[in-house]
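What follows is one structure encoded as structure tokens, with my remarks underneath.
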Amino acid sequence: MKVIQGDLIELVLDGQFDVIIHGCNCQCAMGAGIAKTIKERLPEAYQADRQTTKADKEKMGSYSKAFIVRDAVQFTVVNAYTQFHWRGKGVLVDYDALRAVMRAIRAEFTSLRIGYPKIGAGFAKGDWDIIAQIIDEELTGEDHTLVEFQEPLQRS
């Protein structure tokens, strides 16, 4: 995987990715982390999430998506269902669900530029080394990039 520093949302809006992926719970909440930012800045993705059944365990390992057009830029946001709930102790990300989602994403979005944050390693408390290995295995041969969040520089 390629690794860059930046703001995933700004980068996709600048046309640097065709697809962005973020981890979601199955509760249709999108209330924290990058999911909250996506909900606020790319509400079409939240609407796609809300079209799914809340608290449906069958969503695990699947995704919803929204095709978005902003000015001359077009891209897809993938809501990857990699955790059932945002509450609870211990690791909340489901590594098998993550693997299934990445496999499905590769099948649908092959040959496109894919960007993502550290899916499952933040609020979902997953082990980034395990997650990175799963992503690399399932997206082998694809143009995929981890975007480590970095605030844009303030211009004076």
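Treating r as the C-beta distance of Ala132 and Ala72 and R0 as 35 Å, the FRET efficiency rounds to 0.60. Taking the Cα centre of each part, how many Å lie between segment 36-97 and segment 110-155? Cα centroid to Cα centroid, the span is 15 Å. Counted by Cβ distance under 14 Å from Lys39, the other residues give a net charge of 0, where Lys and Arg count +1 and Asp and Glu count -1. For Ala124, neighbours were defined as the other residues whose beta-carbon sits under 13 Å from its Cβ, and their charges (Lys and Arg +1, Asp and Glu -1) total +2.
How large is the helix-only mean residue ellipticity at 222 nm for the chain, computed as the sum of -39500 (n - 2.57) over DSSP H runs with n ≥ 4, divided by its residue count, in deg cm²/dmol to the nearest 500?
Values: 5 runs with 49 residues, N = 156.
One gets -9000 deg cm²/dmol as the mean residue ellipticity at 222 nm.
Here the Karplus curve 6.51 cos²θ - 1.76 cosθ + 1.60, taken at θ = phi - 60°, turns the phi angles of segment 66-71 into couplings of 9, 8, 10, 10, 10, 6 Hz, with x standing for Gly and Pro.
Let me have the relative contact order for the chain, percent, based on Cα pairs under 8 Å that are six or more residues apart. Please report the intermediate quantities before stating the final value.
Numbers: 298 pairs, mean separation 49.4, N = 156.
The normalised contact order for the chain reaches 32 percent.
What does the charge dipole of segment 73-156 about its Cα centre add up to, to the nearest 20 debye, if the Cβ of each Lys and Arg holds +1 and the Cβ of each Asp and Glu holds -1?
Details: 9 positive and 12 negative charges, 74 e Å.
About 360 debye.
For a quick check: with amide H placed at 1.01 Å from N, whose amide H comes under 5 Å from Arg113's, ignoring anything fewer than 5 positions away on the same chain? Correct list: Asp18, Val19. Under the convention that each Lys and Arg Cβ holds +1 and each Asp and Glu Cβ holds -1, the size of the dipole of the chain around its Cα centre is about 560 debye. Residues of the chain were split at every exposed loop site, defined as trypsin sites (Lys or Arg not before Pro) in a DSSP loop with at most 12 other C-beta atoms within 10 angstrom, and the longest piece left, sites excluded, is 90-154.
Read-outs: derived from the displayed coordinates by stated rules, not from any lab. From a predicted model like this one, the values you see are computed outputs, not experimental measurements. Every residue, glycine among them, receives a Cβ derived from its backbone with ideal geometry; neighbour counts consider all protein chains shown.
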